[in-house]
Amino acid sequence: MGYTFIMKGLIVTNAFFLDENLRWHINRFIDEFTKLGIKMQWQKNDQVLAYLNNTCVECGLEYDFVLYLDKDIHICRMLENAGLRVFNSASAIEVCDDKLKTHIALSNHNIKMPKTVSSPLNYAGADDGTFVKNVLKILNFPIIVKECFGSLGMQVYKADNLKELNVIRKKLTHKPHLYQEYIGQKPGQDVRIIVIDKKAVSCMKRISKNDFRSNAGDRSFEVFSPDIKFIETAQKASKILNLDYCGVDILFGKNDEPVLCEVNSNAFFYKTESVTKINIARLYAEYILKQIKKAKTL
């Protein structure tokens with residue numbers, strides 16, 4: 001089948017990470033964009049995509065837009081400064097990549113989140129235990145500890161007592177991290193809502209049978225029809241963070257109230273498409289096409 005291409009887009013991924021899951025997403029996007037008449041190319045970010053040349057950023061790339069499937073903020077921002085439209089924007093990716101920045105950005109907007117304490121940066125290495133003592137005045141065990149930067153639940157820990165908390169703190173003392181209230185009404189469960197153009201397009205419940213994290217252990221997935229408050233929370237977060245696309249993870253609080261856990265600017269959707277039968281790649285591609293067409297008419 002032949003295609004008449006009306007636009008040209010670039011997919012950018014990290015040069016040092018490529019698993020089957022990411023490759024599947026790249027191919028899904030290429031397939032759906034192609035059906036819309038958009039020719040897609042894929043490059044890893046170890047190629048010199050953009051650079052500062054004296055007074056301005058240059059890249060020499062001739063694309064209508066960039067679909068940025070990475071978290072390298074500097075390269076993303078240089079592409080933007082070179083004049084390319086990037087989805088998501090560098091500023092949106094930056095806030096979502098740092099869990100504390102996400103919570104801070106969403107604070108004072110009437111969005112329920114776990115009680116959270118930021119760990120002070122430790123430059124010297126000495127720690128007399130004062131901070132932990134003060135944390136325990138605010139939080140009760142079990143306590144969730146998260147590195148500010150991390151994916152797939154691998155940098156998330158649970159301390160059930162002071163001994164475990166001190167072991168985790170020692171491990172993370174030189175890394176940006178946070179301490180958080182444990183939302184344990186439904187352990188190992190959360191709701192993943194995909195939001196495109198500030199509108200919720202799919203919703204799935206994630207259930208771990210043997211882990212406090214919904215994205216770890218022996219898991220199952222199911223279509224979920226949430227209370228309207230879950231939808232409103234996800235859409236509101238997306239709007240505040242100015243995201244074109246995201247996956248919003250929401251926990252079950254008291255009386256099943258939504259408690260926002262985190263927002264993922266590059267949320268994978270393999271399971272979401274499989275479970276909900278909603279074509280996420282197509283919806284995102286259509287949204288990007290609409291945005292580029294709109295920009296060309298201005």
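Computed from the coordinates by the stated procedures, all read-outs in this text should not be read as laboratory data. Small disclaimer: the values here were computed from a predicted structure and weren't measured. Here Cβ is always computed from backbone atoms with ideal geometry, including for glycine, and neighbour counts include all displayed protein chains.
Treating r as the C-beta distance of Asp211 and Asn54 and R0 as 41 Å, the FRET efficiency rounds to 0.20. Segment Arg23..Gln185, full-extension length gain: 54.7 nm, with 0.36 nm per residue of separation and the alpha-carbon distance subtracted.
Label reach from Asp256 (point 7 Å along Cα→C-beta): in segment 176-203, amide nitrogens under 18 Å belong to 184-193, 203. For the chain, the longest principal axis of the Cα atoms and the long axis of helix 162-172 meet at an angle of about 40 degrees.
On full extension of the chain, what length is gained from Ile138 through His109, given 0.36 nm per residue of separation minus the C-alpha to C-alpha distance? Spell out each step's value before the answer.
Working: separation 29, 0.36 × 29 = 10.44 nm, distance 2.16 nm.
Stretched out fully, the Ile138 to His109 stretch lengthens by 8.3 nm.
Measuring from centroid to centroid over Cα atoms, what is the spacing of segment 1-75 and segment 210-289 in Å? Here the answer is 24 Å between Cα centres.
Between Ala295 and Phe149, the modelled label-to-label distance comes to 2.6 nm, taking each label 7 Å out from Cα in the direction of the beta carbon.
Direction-averaged shadow area of the convex hull around the Cα atoms of segment 122-161, nm²? Dividing the Cα hull surface by four gives the mean projection, 3.7 nm².
Report, to one decimal in Å, the Kirkwood hydrodynamic radius for the chain based on all distinct Cα pairs. Could the numbers behind the result be given before it?
Details: mean 1/r = 0.0484 Å⁻¹.
After inverting the pairwise mean of 1/r, the radius is 20.7 Å.
For segment 214-274, what D do you get in µm² per second when you plug the Kirkwood radius from alpha-carbon pairs into Stokes-Einstein at 25 °C and 0.890 mPa s?
On the way: Rh = 12.8 Å.
Using the Kirkwood radius from Cα pairs, D works out to 192 µm²/s.
At 1.567 mPa s and 4 °C, plugging the Kirkwood radius over alpha-carbon pairs of segment 7-87 into Stokes-Einstein gives what diffusion coefficient in µm²/s?
Details: Rh = 13.1 Å.
Estimated diffusion coefficient is 99 µm²/s.
Summing -39500 (n - 2.57) over the DSSP H runs of n ≥ 4 in the chain and dividing by its residue number, what mean residue ellipticity at 222 nm do you reach, to the nearest 500 deg cm²/dmol? Calculated mean residue ellipticity at 222 nm is -9500 deg cm²/dmol. Projected label points at Lys101 and Ile228, each 7 Å from Cα along the beta carbon direction, are separated by 3.4 nanometres. Between the C-alpha center of segment 80-124 and that of segment 176-206 there is a gap of 16 Å.
Find out how many positive minus negative residues lie around Val57, taking Lys and Arg as positive, Asp and Glu as negative, among other residues whose Cβ is under 12 Å from that of Val57. Net charge in that neighbourhood comes out at -1.
Beta bridges assigned by DSSP with both partners in the chain are antiparallel in approximately 75 percent of cases.
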